[in-house]
Each structure stands twice: as C-alpha cells, then as structure tokens.
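Visitor: Pasting in a structure now, in structure tokens, and then I'll have a few things to ask.
The values are calculated or read from the model by the stated rules, or taken from the named source; none is laboratory data. Remember, predicted model here, so these are calculated numbers, not experimental data. When we count neighbours, we look across all protein chains shown, and the Cβ atoms used for this are built from the backbone with ideal geometry, even at glycine. Heads up: the accessible areas ignore ligands, DNA and RNA and are worked out on the full protein's heavy atoms, side chains in. Shrake-Rupley method; radii C 1.70, N 1.55, O 1.52, S 1.80 Å.
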Amino acid sequence: PEVTLHSKFLLVDDWIVVGSTHWTKSALLFSVQVDLAIRSPALAEVAAEFFHWLWAGDLAGVEVELPLEGWPAGAVLPLFDLPEAGIHAGVLPQVLARARATIDLIMYRLAYYPQYPDSPSNSLVEGLVSALRRGVRVRVLLEGGEDFPDLAEANRLTAAYLLLHGAEVRWDPPGLTTHAKCLVVDGRDVVVSSANWSYYSLARNVEAGVAFLDAPALAEALTRAFESLWREASR
C-alpha cells in the first residue's frame, strides 16, 4: 500500500518492452509516448528478477545497485528502480554530464523544488543548467498540463528557471498529452523510462527504464521524432 507502481514494462521470453505507455485507449491512441522493444537475454534476465521482487510483494531489504562510473562504450543500463534505490537519480546526472553539444528532452512532469534543495529532481535540473554553462544546446519539450493545474504550475516554474539559464523550452499543443519521458544526449546516448523528473518518481515510486550509451542509430530515430514534435510545439 505504501508503494506506487508507476513502471510500465512487459517481459516476453527474451524481449522486453519498456517506456511511458499505460495500457489504456487514451495512452495508446491519443498521447505522445516513447517505448522501446528490446531483444536481449541479459536485459530480460535482470527484468525477470525485478518482476520477481515485485510479485513477491516484499521489498524490505532488497538492494538494487548499478555502477555510476566506468561504463564501457555501448553499455546498456537497466534502470529498474525501487523506492529509495535511487537508480534513475544516480544514472541520469552522469548521462547529462557526458553532454558536449546537445541535449533533447521530452518530459511529462519536470519538477524543480527551490524549497527542497536535496530533491533528486533538482540535481537533474541543475545538470541541465551545468550543460548550458558548458555551451551545450538544451531543448526541453514539456506537457502543458491544461487539465491539471498542479502539473502546469510545476512545469512552468521549472521552465522559467531553465529559460533564465539559456535553455530552449517549448510546450505541446493544447489538447495533446505529451506523456513521454525521453532523453537524447549528443545524438548518441538515450534514456527512455516511465519515470518523470520529479521527487516521487525518482525517490518513492517503482519505475522502469533503460539507458543506451553510444547508440547513434537509436538516437537518430528518436531525434527525428523529437524534431517533428518540436516543430509543432509552442514557445
């Protein structure tokens, strides 16, 4: 009861599907989502263990760890996150720190909390700001939240903070729900996940995602989708 199961992943033999999509008519037909279908026995093995922990229903004492440095070229990082495990919160700042030229981000909820400086989402926002200071072009596409005042307020506060530091921020068209959570860095590194960049997603929820390092073909496909959405978005 104390855990929010926010992950969306499907495991079939050695295939895994992971991303942002709920299995509802609205999500499947009328929203912007990003999911990956991956065939990988090694990744499927990790996903199966993750599912086993959730199925058993007792997360007390379960420890999830992922190295935060020394990643080899072409690494695939499973971001299967349990409450307080901090997998996304540890990996995402490191991926942002790799940026030298471009960062493109699509996010449903991007929350910056000035009153809570230790929130893990603040470190991600500051990672974007740090990239801007290095001369990286940062583009952020956000959900407008027309039907959800708290979402709209959170996203607009963060957008204002990023705009002040030189980021480019645009909003999805009214009537469209942009529910995706997708990061592309330097046309090379990719993160697709169920996790919003907010406190509860990064610290309290069960979330599932994957990071691909040095994956230009995948990054190119996602960048093409980003460019299409960016052209339709408003400032």
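Visitor: Whole-Hz ³J(HN,Hα) for each residue in the stretch 77-94, computed from phi via Karplus 6.51 cos²θ - 1.76 cosθ + 1.60 with θ = phi - 60°, x for glycine and proline: what do you get?
Guide: 10, x, 9, 9, 10, 10, x, 6, 6, x, 5, 4, 5, x, 7, 4, x, 5
Visitor: Test of understanding: in a Gaussian network model of the chain with alpha carbons linked when under 10 Å, which of GLN94, GLN33, GLN115 would top the mean-square fluctuation ranking?
Guide: Comparing GLN94, GLN33, GLN115 in the GNM, the peak value goes to GLN115.
Visitor: Okay, helix-only estimate at 222 nm for the chain: each DSSP H run of n ≥ 4 adds -39500 (n - 2.57), divide by all residues, round to 500 deg cm²/dmol; what do you get? Don't skip to the end; give the middle numbers.
Guide: On the way: 7 runs with 85 residues, N = 235.
It lands at -11500 deg cm²/dmol.
Visitor: For the stretch 120-174, what class follows from the C-alpha gyration tensor (a ≥ b ≥ c being the square roots of its eigenvalues): rounded when a/c is under 1.5, otherwise prolate if a/b is larger than b/c, else oblate? Intermediate results must be reported in sequence, preceding the final value.
Guide: Details: a/c = 2.80, a/b = 1.74, b/c = 1.61.
In terms of gyration-tensor shape, prolate.
Visitor: Using a probe of 1.4 angstrom, how much of the accessible area of the stretch 4-49 is carbon and sulfur, in percent? List each step's numbers first, then the result.
Guide: Values: 1670 of 2760 Å².
Carbon and sulfur: 61 percent of the exposed surface of the stretch 4-49.
Visitor: Can you tell me the FRET efficiency between VAL76 and ARG224 if r is taken as the Cβ-Cβ distance and R0 is 22 Å, rounded to the nearest 0.05?
Guide: Details: r = 21 Å, r/R0 = 0.97.
Taking R0 as 22 Å, the efficiency between VAL76 and ARG224 is 0.55.
Visitor: Could you tell me what percent of the accessible area of the stretch 134-235 is made up of carbon and sulfur, with a 1.4 Å probe and every protein chain present? Provide the component values of the computation, followed by the final result.
Guide: Working: 2330 of 4270 Å².
Accessible surface attributable to carbon and sulfur in the stretch 134-235 totals 55 percent.
Visitor: Also, I was wondering about something else. What percent antiparallel are the DSSP beta bridges of the stretch 41-191, to the nearest 5? Let's see the in-between values first.
Guide: Values: 8 of 18 bridges.
In the stretch 41-191, approximately 45 percent of DSSP beta bridges are antiparallel ones.
Visitor: Still on this structure, I have one more. Only loop residues by DSSP count here, and only those with at most 12 other Cβ atoms within 10 Å; note down the GluC sites (Glu not before Pro) in the stretch 34-90 that meet that.
Guide: Working: sites: GLU45, GLU49, GLU63, GLU65, GLU69, GLU84; in loops: GLU63, GLU65, GLU69, GLU84.
Answer by residue number: GLU63, GLU65, GLU69, GLU84.
Visitor: Under a 1.4 Å probe, what is the accessible area of the chain per residue, stated in Å²?
Guide: 49
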